[in-house]
Amino acid sequence: AGLARRPLSYPSHNVVGLPALSPTMELGTLVKWNVEEGEAFGAGDSIAEVETDKATVDFEARDDGVVAKHLQPAGTAVPVGAPMMVVVENTSDIGAFRDFEAPGAPSAAALEEAKAKVEAAAREAAAREAARP
């Protein structure tokens, strides 16, 4: 008995994670996307600007490709290795990734909810500190 083959859900693609852009980087803030969804890029092109623990640096492409989907919005703090974007070879494949979410990657809504909780906790802590005699 052979294994049943099932068709792949998505065309050929790569989910690209945030690389460590400095030796001590554990987290980076995505400052700005330089390549929009649907745009092609070449090796060496600056795909995004990322603020590291040391400076704001360019996240450069290693190969040619087309950005099918941004998985992180600008302004988001992203751990090293976390999925940032989906890259395809053919522009005809972009539409297949409209609703794509990387396995284990938080959705934009979940990121906003987490950010709101952190901000609320910071406000509460500041209020407690201000109320101290």
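The values are calculated or read from the model by the stated rules, or taken from the named source; none is laboratory data. Since the structure is predicted, the reported quantities are computational estimates derived from the model, not experimental observations. Cβ sites come from the backbone with ideal geometry, for glycine too, and all protein chains shown count toward neighbours. Quick note on the areas: whole protein, heavy atoms, side chains included, nothing else; ligands and nucleic acids left out. Shrake-Rupley method; radii C 1.70, N 1.55, O 1.52, S 1.80 Å.
Taking other residues whose beta carbon is less than 12 angstrom from the beta carbon of residue 51, and scoring Lys, Arg as +1 and Asp, Glu as -1, yields -1. Across segment 21-33, computed HN-Hα scalar couplings (Karplus, 6.51 cos²θ - 1.76 cosθ + 1.60, θ = phi - 60°) run 9, 8, x, 9, 5, 10, 8, x, 9, 6, 6, 7, 7 Hz from first to last residue, x flagging Gly and Pro. Note on residue 91: accessible area approximately 90 square angstrom, rounded to 10, probe 1.4 Å, nucleic acids and ligands left out. The residues of segment 12-104 present an accessible area of 54 Å² per residue when probed at 1.4 Å with all protein chains retained. Of the peptides 61-70, 20-29, the ranking by mean beta-carbon count within 10 Å, highest at the top, reads 61-70, 20-29.
Multiply the residue separation of residue 14 and residue 46 by 0.36 nm, subtract the distance between their alpha-carbon atoms, and state the gained length in nm to one decimal.
Gain in length upon complete extension: 9.8 nm.
The order of 35, 80 by accessible area, most exposed first and with a 1.4 Å probe, is 80, 35. Extension gain for residue 126 to residue 93 (0.36 nm times residue separation, less C-alpha to C-alpha distance): 7.0 nm. Largest first, the extents of the alpha carbon coordinates of segment 1-103 on the three principal axes equal 55, 29, 22 Å.
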